[in-house]
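Participant: Quick one: structure below, then a few questions.
The values are calculated or read from the model by the stated rules, or taken from the named source; none is laboratory data. What you see is a predicted model; the values in this text were computed from it and never measured. Backbone-built Cβ (ideal geometry, glycine too); neighbour counts: all protein chains shown.
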Amino acid sequence: MEGLMKGKRGLVMGVANDHSIAWGIAKQLHAHGAEMAFTYQGEAFGRRVKPLADQVNASLILPCDVEDSASVTSVFETLGNEWGGLDFVVHAIGFSDKNELKGLYANTTRENFIRTMVISCYSFTEVARNAAGLMKDGGSMLTLTYAGSTRVMPNYNVMGVAKAGLEASVRYLADDYGPRGIRVNAISAGPVRTLAGAGISDARFMFSYQQRNSPLRRTVTLDEVGGSALYLLSDLSSGVTGEIHYVDSGYHIVSMPTLDELKQ
Ligand code: NAD
């Protein structure tokens with residue numbers, strides 16, 4: 001098991017700090033022998049990401065702002081020059097104006113709708129296209145989504161719409177690249193306390209509600225999301241593509257609060 005990712009090289013996008021889901025994934029990949037490159041968004045994040053990248057012996061640490069196509073292209077040019085190929089990519093990137101992650105979805109502005117879509121949805125397609133150019137011998141791509149894509153979650157608003165588009169992108173990209181042996185999947189994670197998660201108004205109530213009402217009666221850990229990512233990025237899941245894999249303590253299967261909750 002330890003050598004599951006031995007000989008595989010991949011890019012991890014979206015580490016902001018040691019609470020990031022991408023960091024949970026990177027730790028598991030490192031433990032199983034993967035060689036990684038990291039991207040970071042701007043110098044302020046870079047200062048926090050570099051020591052983490054060192055902990056997992058990342059070979060490359062590159063700046064990337066997905067709002068700028070040239071910045072995305074430049075990352076893959078560097079990977080092409082340094083590595084000549086790529087086995088996997090992790091896209092754990094999302095953003096929306098926190099002033100619109102509260103109140104009515106109907107009040108979403110055109111400007112923030114477009115920005116949220118570009119960063120949280122389109123960027124995965126652009127990353128996938130660039131990554132596929134370097135995947136000569138099959139590969140695995142992974143993005144992160146949330147159940148607010150298919151069901152209404154308070155305050156998740158335009159992020160839910162972006163995640164619905166992201167999940168549809170996973171299916172279309174899986175079909176585009178399947179003939180080349182490249183697999184494309186998403187993990188739909190339950191709530192995790194991260195920087196991005198803190199942008200959603202009243203997120204702590206969703207967190208504690210899911211702790212009480214999911215089948216496992218708890219939320220998930222970074223290591224658990226990382227473990228599922230390891231499966232999807234390794235050859236263990238070689239027959240799996242176009243999948244939205246829930247890592248949420250089973251919360252997505254329940255239709256009502258527990259009786260304990262209702263009787264309180
Ligand atoms: P995080 O804040 O640690 O990570 C978000 C990352 O997005 C950061 O590294 C940030 O730099 C990056 N980012 C934002 N705008 C960018 C841009 N323009 N260019 C490049 N990078 C940019 O939070 P996280 O919760 O680990 O988020 C990772 C992914 O997981 C997101 O897609 C998020 O929607 C998803 N997710 C989070 C949860 C949760 O509860 N935290 C649940 C399900 C899915």
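Participant: Could you tell me whether SER249 is more than 14 Å from the chain's Cα centre (by Cα), on the phi > 0 side of the Ramachandran plot and among the hydroxyl-bearing types (Ser, Thr, Tyr)?
Facilitator: It is true that SER249 is more than 14 Å from the chain's Cα centre (by Cα), on the phi > 0 side of the Ramachandran plot and among the hydroxyl-bearing types (Ser, Thr, Tyr).
Participant: In the stretch 61-100, which residues are in a loop (DSSP other than H, G, I, E, B), in contact (Cβ under 8 Å) with a residue 60 or more places away in the chain and more than 10 Å from the ligand (Cβ to nearest atom)?
Facilitator: GLY85, LEU86, ASP87
Participant: Among the residues of the stretch 151-169, which ones are crowded, with 24+ Cβ neighbours inside 10 Å and hydrophobic (A, V, I, L, M, F, W, C)?
Facilitator: MET159, ALA162, LEU166 - these are the residues of the stretch 151-169 that are crowded, with 24+ Cβ neighbours inside 10 Å and hydrophobic (A, V, I, L, M, F, W, C).
Participant: Next question. Test each condition in (1) modelled with pLDDT of 95 or more; (2) among the acidic types (Asp, Glu); (3) away from the ligand (no atom under 12 Å from the Cβ) for GLU167 and report the one that comes out false.
Facilitator: Among (1) modelled with pLDDT of 95 or more; (2) among the acidic types (Asp, Glu); (3) away from the ligand (no atom under 12 Å from the Cβ), the lone unmet condition for GLU167 is (3).
Participant: Does GLY148 qualify as being buried (at least 21 other Cβ atoms within 10 Å of the Cβ), in contact with a Gly (Cβ under 6 Å, 6 or more places away or on another chain) and not β-branched (Val, Ile, Thr)?
Facilitator: It is true that GLY148 is buried (at least 21 other Cβ atoms within 10 Å of the Cβ), in contact with a Gly (Cβ under 6 Å, 6 or more places away or on another chain) and not β-branched (Val, Ile, Thr).
Participant: Need the failing condition index for TYR231 against (1) within 13 Å of the ligand (Cβ to nearest atom); (2) in contact with a helix residue (DSSP H, G or I) (Cβ under 7 Å, 6 or more places away or on another chain), just the number.
Facilitator: It is condition (1) that TYR231 fails.
Participant: Working only within the stretch 1-29, note down all residues that are buried (at least 24 other Cβ atoms within 10 Å of the Cβ), out of contact with any Gly (no Cβ under 9 Å at 6 or more places or on another chain) and more than 15 Å from GLN55 (Cβ to Cβ).
Facilitator: Listed by number, the residues that qualify are LEU11, MET13.
Participant: Could you list all residues from the stretch 181-201 that are under 18 Å from GLY94 (Cβ atoms) and either assigned to a strand (DSSP E or B) or more than 9 Å from the ligand (Cβ to nearest atom) (or both)?
Facilitator: VAL184, ASN185, ALA186, ILE187, SER188, ALA189, SER201 - these are the residues of the stretch 181-201 that are under 18 Å from GLY94 (Cβ atoms) and either assigned to a strand (DSSP E or B) or more than 9 Å from the ligand (Cβ to nearest atom) (or both).
Participant: A follow-up question, please. Can you confirm whether MET135 is touching a strand residue (DSSP E or B) at 6+ places or on another chain (Cβ under 8 Å), surrounded by fewer than 24 Cβ atoms within 10 Å (Cβ to Cβ) and closer than 27 Å to TRP23 by Cβ?
Facilitator: Yes; evaluated as a whole, the condition is true for this residue.
Participant: A further question on this structure: Scan the stretch 132-151 and tell me whether some residue there is in contact with a Ser or Thr (Cβ under 9 Å, 6 or more places away or on another chain), of a type in the set (A, V, I, L, M, F, W, C) and not in a loop (DSSP other than H, G, I, E, B).
Facilitator: yes
Participant: Quick one: what pairs do we get from the stretch 122-144, first residue charged (D, E, K, R), second not in a strand (DSSP E or B), C-beta under 6 Å, 6+ apart or different chains?
Facilitator: Once the first residue is charged (D, E, K, R) and sits in the stretch 122-144, its partners that are not in a strand (DSSP E or B) give GLU126/VAL72; LYS136/GLY85.
Participant: Additional query: Can you tell me which residue is surrounded by the fewest Cβ atoms within 10 Å (Cβ to Cβ) among those in the stretch 202-216 that are in contact (Cβ under 8 Å) with a residue 40 or more places away in the chain and either of a type in the set (S, T, N, Q) or not in a helix (DSSP H, G or I) (or both)?
Facilitator: Out of the qualifying residues, it is ASP202.
Participant: Also, I was wondering about something else. Is at least one residue of the stretch 51-64 closer than 26 Å to ALA174 by Cβ, surrounded by fewer than 21 Cβ atoms within 10 Å (Cβ to Cβ) and acidic (Asp, Glu)?
Facilitator: There is no residue in the stretch 51-64 that is closer than 26 Å to ALA174 by Cβ, surrounded by fewer than 21 Cβ atoms within 10 Å (Cβ to Cβ) and acidic (Asp, Glu).
Participant: Given the structure, is GLY10 away from the ligand (no atom under 16 Å from the Cβ) and under 30 Å from TYR156 (Cβ atoms)?
Facilitator: Answer is yes for this residue.
Participant: A further question follows. Given the residues ALA44, ALA26, ALA58, ALA37, which is the only one that is within 16 Å of the ligand (Cβ to nearest atom), assigned to a strand (DSSP E or B) and either over 21 Å from the mean Cα position of the chain (by Cα) or among the hydrophobic types (A, V, I, L, M, F, W, C) (or both)?
Facilitator: Step by step, each of ALA44, ALA26, ALA58, ALA37 is checked, and only ALA37 is within 16 Å of the ligand (Cβ to nearest atom), assigned to a strand (DSSP E or B) and either over 21 Å from the mean Cα position of the chain (by Cα) or among the hydrophobic types (A, V, I, L, M, F, W, C) (or both).
Participant: I'm trying to understand the selection: among the residues of the stretch 90-127, which are farther than 16 Å from GLY148 by Cβ and either modelled with pLDDT under 95 or among the hydroxyl-bearing types (Ser, Thr, Tyr) (or both)?
Facilitator: Listed by number, the residues that qualify are THR109, TYR122, SER123, THR125.
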